[in-house]
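Quick notes on the structure that follows.
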Amino acid sequence: MMKTKASSLKTEHGDRVRESKSMVAEKNLLQDKLAAMEANFEDEKHRREQFQVNVEQLTVENTALYAQMVALQTTHEAKMEEMQARYEKRNISLVGEMKLLQDQNRLMRRTEPSNQREAYGSSGAIGGSGYGSSNSMGSPTRADVEETTQRIQELTDDLLEARQEITEQADIIAELEMKIAEGETMRRKLHNTIQELRGNIRVHVRLRPFLRSDGEEALGENPQPAIMCDTFASTITTNVDNPHTFAFDKIYGQSDSQEFVFKDVSDFIQSAMDGYNVCIFAYGQTGSGKTHTMQGSGKAQMRGIIPRSIDLIINCCQELTMMGWNFSLMVTFYEIYNETIRDLLTMDSSMGIKHNIRTDNRGRNYVEGLTEVYIDFDQAAEQVDEIVNLAACNRSVDRTDMNAHSSRSHSIFALKIQGFNEAQNTEVEGSLSLVDLAGSERLSRSNATGNRLKEAQAINKSLSALADVFQALAKKSPHVPYRNSKLTYALQPALSGDGKTLMMANMSPTYASLDESLCSMRFAQKVSQCELGAPVRQIKSARRQSLGPGDFSRTSIKNSPPRESRRSTFTPGQLRKLL
């Protein structure tokens, strides 16, 4: 029996030794994997830094080339004007001299035979005086003709030299323009590569400051928020006994300004200019600051992402105009209320006009029958402010127990960007969708009844459909349920593999909202795990005649089927009358 027990212990000891060796081997394997991951991380970090340096260097080089080209053009134009004036002046003088020379030649041909006869028929002195008398009468000599001919040759040489100089200057300008075009192409490639390295779907989180409407939690000199932000580590932690920590691409604290937030958003705006489908949407519970982030208020520091995006795009268009590009910008603004699409740029929203989502012959979704407003570059800032104000007046907003001005719909500001470069025979088309989602809310806190209850249920259902889309993307499911709601169906071009998406998750600092904030953070974490794949740039060779900026803006919008759209070129004054 002792032998059996000893044998059993020996066997057990052997099993434990083998198990220990297996654990050591597994530990070593995990350490090797960790070391490999750290090496890959460092390599990826180095690549990103190198790409960023390349972009910055390319930007500096493009700026220098652009300045050099402008200086050469200015000098070239000044020289051209000077040489043109000199040429015209010399040409007038030359024409006069040529006419005088022709008259003198005719006179010389008439007088020379008679002078010769007189010279042969008289003495040398008389002949000499006779020929001299002919000169004294104003008859030109051969020396005069040779001198005039020499002056004509000198003027001709000067003109040829000037033309050669103009040709050389034009060649230099053409070479610089080619370098700028190549640099712009390389910048776009590097910018897109950096975006792909960072992720074509990114999640930023913004914690709003305390407001008076927060009640007792906002009282005191230094109220403590329910959520703590570490902007350096890009983490956010709940300020409770059992804290939860989440990591995101970017964290904005309570003191971060609208301008600071937009600096990170501007990369996505540049991608829209480069021909990609881009979507930026604000997500969060009601009262968390979504509308402030997207639209803002006033005309200075409080302006939100929408007006700042237009400013940036207008500046980019004006810079690219110097490189031969023509651009048109077209805006639509609509809301999705109780799964019904409403046009926010017309006052007949209550007339029951039905706006359906259609698919064009290129497989892209669009909303039919919306008012389309073309942006006037000279009045863009004022025009966009009027558009935003008109949409705010028409949008479905109501008071709830959680927010005095709660948005009861999803609003979508859609901007279509089209550019055409005749010299490169290239057309580029990008889109920018700026979405202010309706606030998610717990029915137990909002105390919604009647129509408010129906609205809340529709809002939560569409947000749930949005979550289902991102969950399918995260799992790389072959079927993504875009059609489950009009919100996801309308945004499909940007939410699919063809686009780039930025989620701006807005958080309330109050403990009363902490449960809903946790739900928002968990959803944002799921979104951050998604991969959209490589986006597709909408660029092609254009086969058409050269168009001016005005003509281009009229003919370049090509949602193929007849859409019964009310295309409008409202001026700021006309938009103001609709308010």
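The values are calculated or read from the model by the stated rules, or taken from the named source; none is laboratory data. These numbers were taken from a predicted model, which means no experiment stands behind them. So basically every Cβ, Gly included, is an ideal-geometry build from the backbone, and we count neighbours across all protein chains shown.
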Query - Any chance LYS263 is among the basic types (Lys, Arg) and either within 25 Å of CYS519 (Cβ to Cβ) or outside the structural domain of MET503 (by TED's automatic domain parsing) (or both) - result: no
Query raised in the report: Which of (1) under 30 Å from ASP214 (Cβ atoms); (2) outside the structural domain of LYS454 (by TED's automatic domain parsing); (3) among the aliphatic types (A, V, I, L, M); (4) crowded, with 20+ Cβ neighbours inside 10 Å does ALA300 not meet, given it meets every other one?
Result: (4)
Query raised in the report: Can you tell me which residue in region 355-389 is surrounded by the most Cβ atoms within 10 Å (Cβ to Cβ), limited to those that are closer than 24 Å to ALA494 by Cβ and without any contact (Cβ under 8 Å) to a residue 60 or more places away in the chain?
Result: HIS355
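Can you tell me how many residues within region 238-262 are charged (D, E, K, R) and either surrounded by 13 or more Cβ atoms within 10 Å (Cβ to Cβ) or in contact with a strand residue (DSSP E or B) (Cβ under 7 Å, 6 or more places away or on another chain) (or both)?
The first filter runs over region 238-262 and keeps only residues charged (D, E, K, R), leaving 241, 249-250, 256, 259.
Retained after the next criterion (residues that are either surrounded by 13 or more Cβ atoms within 10 Å (Cβ to Cβ) or in contact with a strand residue (DSSP E or B) (Cβ under 7 Å, 6 or more places away or on another chain) (or both)): 249-250, 256.
Going through region 238-262 one residue at a time, the tally reaches 3.
Quick check: anything in region 530-540 buried (at least 20 other Cβ atoms within 10 Å of the Cβ) and either under 29 Å from GLY253 (Cα atoms) or at pLDDT 80 or above (or both)?
Initially, region 530-540 is screened for residues buried (at least 20 other Cβ atoms within 10 Å of the Cβ), giving 530, 535, 538.
Those left that are additionally either under 29 Å from GLY253 (Cα atoms) or at pLDDT 80 or above (or both): 530.
Within region 530-540, one or more residues are buried (at least 20 other Cβ atoms within 10 Å of the Cβ) and either under 29 Å from GLY253 (Cα atoms) or at pLDDT 80 or above (or both).
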Query - Scope region 175-188; condition modelled with pLDDT under 75 and loosely packed, with under 14 Cβ neighbours inside 10 Å; matching residues - result: MET178, GLU182, THR185
**Report entry** Index of the failed condition, THR4 passing every other in (1) at pLDDT 70 or above; (2) surrounded by 10 or more Cβ atoms within 10 Å (Cβ to Cβ)
**Finding:** (2)
Report task. Output the number of residues of region 211-256 satisfying the condition of being in contact (Cβ under 8 Å) with a residue 60 or more places away in the chain, under 21 Å from LYS526 (Cα atoms) and of a type in the set (Asp, Glu). Result -> 1
Report task. Sort out for me the strands (runs of 3 or more DSSP E) sitting completely within region 260-364 that have 1 or more residues that are basic (Lys, Arg). Result -> 340-343, 357-359
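Between ILE310, ILE314, ILE341, which is surrounded by 20 or more Cβ atoms within 10 Å (Cβ to Cβ), touching a helix residue (DSSP H, G or I) at 6+ places or on another chain (Cβ under 9 Å), β-branched (Val, Ile, Thr) and outside the structural domain of LYS461 (by TED's automatic domain parsing)? Please lay out each step first, then the result.
Values: ILE314 fails: surrounded by 20 or more Cβ atoms within 10 Å (Cβ to Cβ); ILE341 fails: outside the structural domain of LYS461 (by TED's automatic domain parsing).
Testing whether each residue is surrounded by 20 or more Cβ atoms within 10 Å (Cβ to Cβ), touching a helix residue (DSSP H, G or I) at 6+ places or on another chain (Cβ under 9 Å), β-branched (Val, Ile, Thr) and outside the structural domain of LYS461 (by TED's automatic domain parsing) leaves just ILE310.
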Query raised in the report: When residues of region 213-237 are filtered for being farther than 18 Å from ALA247 by Cβ, aliphatic (A, V, I, L, M) and surrounded by fewer than 16 Cβ atoms within 10 Å (Cβ to Cβ), how many remain?
Result: 2
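Does LYS10 satisfy the condition of being under 30 Å from ARG163 (Cβ atoms), surrounded by 10 or more Cβ atoms within 10 Å (Cβ to Cβ) and modelled with pLDDT under 80? Working first, answer last.
Working: under 30 Å from ARG163 (Cβ atoms): no; surrounded by 10 or more Cβ atoms within 10 Å (Cβ to Cβ): yes; modelled with pLDDT under 80: yes.
No, not satisfied.
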